[in-house]
Amino acid sequence: MAPNHSYTTKLKLNNRQKTLMAKHAGFSRWVYNWGLAMWRDAYNQGLKPNTKTLKRLFTNHVKPEYPWMRELSSKVYQYAFINLGEAFKRFFKGMGKYPRFKCKGRNDRFTIDNSGRPIRLGGLIHNLPFLKRVRTFEALPDCLTKKVTIYKKAGEWYISFSIEKTFEPTVKERERVGVDFGIKTLAVLSSGVEFKGLNPYRNAQKKLARLQRQLAKKVKGSQNWEKAKVKVQKLHRRIANLRKDYLHKMTTYIAKNHGEVVIEDLKVSGMMANHKLAKAIGDLGLYEARRQLQYKCERYGAKLVVADRFFPSSQLCSSCGNKQPMPLSERVYDCGCCGNKIDRDWNASLNLERYNEYGSTRKPVEG
């Protein structure tokens, strides 16, 4: 089975279409919140609720009392119950927090399908079930998908979907490469290639602070407050997009051009606990970089090797294997055994390249 490939692009809607999207998003949010409230009440009464029972109750007894629901796609509330069930599954598995109620302006999204038939997308104009013809700013390739999700972010509506797509393995420039992630430099490859941190949040901090001050001075709930809030949201969206685009370019280069990629098993949540470094670490997007490498290595025929979390890549000499302490303040590895002087991050990447899964962390040094 071919892996899924996701697309997300902005919709070009008129006022009537924006209103229709907002109604469907409100419908989805209303049903989700109703289901969550009923689940909590049933649990407090000693019952064992499930989404199948809640959905049957809603369809037979609640939906007929609200005529406006008949004007919207029934697929919306069906997926609202599916999402509620998935949220509780993640909670019971310890993968997420207890589901929370959704609120307007923050959770404006809904999902629809075509009753088992595929939805054909392509070009600039797309015929969606119930929503009919919608336009996108960017032309999409001709493809088939099972369902689409439409959501609102920073005042704009987007469409997101996934398709099955086959990727051919790429020709590799290098058999194996070690990748050292850091704060000063986002990634240093043992091949000598460096990726400097983009730091989009740090570069936008002054503008963001100014917009947030303007928002704080507005009367909450007023039209001016809404306009100021959208400006803040748009800047946050731009920061996130810049970071994601840079990470995609970096991880694609690494996965396409190397047969094996060796990275450290970083515990990002633990690193974020350091309040002095948390902002810089969050700005780099280290967790997202690893997530992208995991599926892109598989996509382009590469192998991802994750070194043990306690492997001392920064403390080992890449020339002779000597181990010595390396505080974060020291940026050059000066080996006290062989006299090798090398950049700290590059030294770590060379050690990662020589790491293997069988416990041996070094290859014999030639010569």
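The values are calculated or read from the model by the stated rules, or taken from the named source; none is laboratory data. This is a predicted model, so every value here is computed, not measured. FYI the Cβ positions are ideal-geometry reconstructions off the backbone, even for glycines, and counts take in every protein chain you see. Surface areas here come from the heavy atoms of the whole protein model, side chains and all, with no ligands, DNA or RNA. Shrake-Rupley method; radii C 1.70, N 1.55, O 1.52, S 1.80 Å.
If only the Cβ of Lys and Arg carry +1 and only the Cβ of Asp and Glu carry -1, the dipole of region 187-227 around its Cα centre is close to 420 debye. So, taking all protein chains as they sit and a 1.4 Å probe, how much accessible area belongs to SER191, in Å² rounded to tens? We get 50 Å² for SER191. For the chain, the Cα-based Rg and Dmax, in that order, read 25.3, 83 Å.
Probing with 1.4 Å while keeping every protein chain in the model, the per residue accessible area of the chain equals 59 Å². Legend: Rg and Dmax of region 127-234, from Cα coordinates, 21.8, 60 Å. Taking each residue as 0.36 nm, the span from ILE342 to ASN44 lengthens on full extension beyond its C-alpha to C-alpha distance by 101.0 nm.
What's the carbon and sulfur percent of region 174-241's accessible surface, probe 1.4 angstrom, rounded to a whole number? Write out the running numbers ahead of the final one.
Values: 2050 of 4190 Å².
Here it works out to 49 percent.
Run the accessible area of region 279-325 with a 1.4 Å probe and give the carbon-and-sulfur part as a rounded percent. Carbon and sulfur: 49 percent of the exposed surface of region 279-325. Highest mean first, the peptides 61-70, 121-130, 343-352, 162-171 sorted by other C-beta atoms within 10 Å per residue fall in the order 343-352, 121-130, 162-171, 61-70. The Stokes-Einstein estimate for region 2-51, based on a Kirkwood radius over Cα pairs and taken at 10 °C with 1.306 mPa s viscosity, is a diffusion coefficient of 112 µm²/s.
Helical runs assigned H by DSSP (4 residues or longer) give the chain a calculated mean residue ellipticity at 222 nm of -12500 deg cm²/dmol, each run adding -39500 (n - 2.57) before division by the residue total. When the residues ASP142, ASP245 are ordered by accessible surface, computed with a 1.4 Å probe over the protein chains alone, the sequence from largest down reads ASP142, ASP245. The rule of thumb for compact globular proteins, 2.2 N^0.38 Å, goes into the C-alpha radius of gyration of region 239-367 1.14 times.
Of the listed residues MET326, MET271, MET95, the order by accessible area with a 1.4 Å probe, largest first, is MET95, MET271, MET326.
Taking the charge dipole of the chain about its Cα centre, with +1 at Lys and Arg Cβ atoms and -1 at Asp and Glu Cβ atoms, the residue from VAL171, CYS103, ASN50 reaching farthest to the positive side is CYS103. Roughly to the nearest percent, how much of the accessible area of region 1-160 is carbon and sulfur, given a 1.4 Å probe? C and S fraction of accessible area: 50 percent. Between the residues CYS297, TRP157, MET250, the greatest Cα displacement towards the positive end of the dipole of the chain, with unit charges on the Cβ of Lys, Arg, Asp and Glu, is found for TRP157. Sorting PHE27, PHE92, PHE137 by accessible area puts them as PHE92, PHE137, PHE27; the probe is 1.4 Å, largest comes first, and only protein heavy atoms count.
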